Amino acid sequence: MAKKLYVGNLSFGMTDGDLRNLFEPVCREFYVPIKNFKGWRDLNSRAAMMRRFKKHEAEGRRCVLLLCGAHDPGGLHITEKMHKNLEDLSGAVGWSPDNLLIIRFGLNADFIDQHGLTWIDNLETSSGGQLDDPDHADHEKRYVRDYIAEFGVRKCEANALVVEPEVGRKLVRDAILEHIPADAVERYERKLDRVRKQLRRALRERVS
């Protein structure tokens, strides 16, 4: 029998919760947790996510982590390094991401072009530096050089989806449905309803 899936959704680079608000109705529909997780430093959020995965994996589920963030050198690099970032906390949490499926579902260049999202013609960082400036401390790093070679000096911020809400919600819905059947929610709610009825019956019997 195939393992049950637990799909976790982790979204990067959100401005003022814009993408969280955009994705949340879809995630709520599928009972998928969502987290606004910015950059590398939020160890507590990362550890909490790992503990959820540990619980579901112990119950026989294959865990999936879906990532969405800006299309820029840092955004793609965070995706590439996510497995190692989780692995670095495995000793403290008591769980290894070896069996975790990590997938970046946006923003990707083909999706940006397909939907006419806005490319910004610079690689300015949050601190105001320019990654394409030879004097920038990260300019010679491989992930920066590889990005510029493939995509040029341009980026697309994650909140470009906010102006296309239906496109954004379809993006996250399609990403989730890659890993669970379309009727998964209906089956889960039927099961939940049976459990609730059993609980109510047990409570009535106890009271009487």
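The values are calculated or read from the model by the stated rules, or taken from the named source; none is laboratory data. These numbers were taken from a predicted model, which means no experiment stands behind them. FYI the Cβ positions are ideal-geometry reconstructions off the backbone, even for glycines, and counts take in every protein chain you see. Areas reflect the complete protein model, heavy atoms only, side chains present, ligands, DNA and RNA absent. Shrake-Rupley method; radii C 1.70, N 1.55, O 1.52, S 1.80 Å.
A compact table of results
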quantity: Among residues of the stretch 163-177, those that are without any contact (Cβ under 8 Å) to a residue 40 or more places away in the chain and either within 18 Å of residue 63 (Cβ to Cβ) or surrounded by 13 or more Cβ atoms within 10 Å (Cβ to Cβ) (or both), counted; calculated: 2
quantity: Only listed residue being on the phi > 0 side of the Ramachandran plot and touching a residue at least 24 places away in the same chain (Cβ under 8 Å), chosen from 60, 75, 128; calculated: 60
quantity: Residue list for the stretch 20-50, filter: surrounded by 13 or more Cβ atoms within 10 Å (Cβ to Cβ), in contact with a helix residue (DSSP H, G or I) (Cβ under 7 Å, 6 or more places away or on another chain) and among the charged types (D, E, K, R); calculated: 35, 46
quantity: Residue check for residue 91: part of a helix (DSSP H, G or I) and modelled with pLDDT of 90 or more; calculated: yes
quantity: Criterion violated by residue 151 - all others in (1) open to solvent by less than 60 Å² (accessible area, probe 1.4 Å); (2) under 30 Å from residue 62 (Cα atoms); (3) not hydroxyl-bearing (Ser, Thr, Tyr) satisfied; calculated: (2)
quantity: Failed item in (1) touching a strand residue (DSSP E or B) at 6+ places or on another chain (Cβ under 6 Å); (2) open to solvent by less than 50 Å² (accessible area, probe 1.4 Å), with residue 74 passing the rest; calculated: (1)
quantity: Any hit, the stretch 82-96, residues being closer than 20 Å to residue 141 by Cβ, surrounded by fewer than 21 Cβ atoms within 10 Å (Cβ to Cβ) and in contact (Cβ under 8 Å) with a residue 40 or more places away in the chain; calculated: yes
quantity: Close pairs (9 angstrom Cβ cut-off, 6 or more residues apart or separate chains): among the small types (Gly, Ala, Ser) in the stretch 137-150, not in a helix (DSSP H, G or I) anywhere; calculated: 137/129
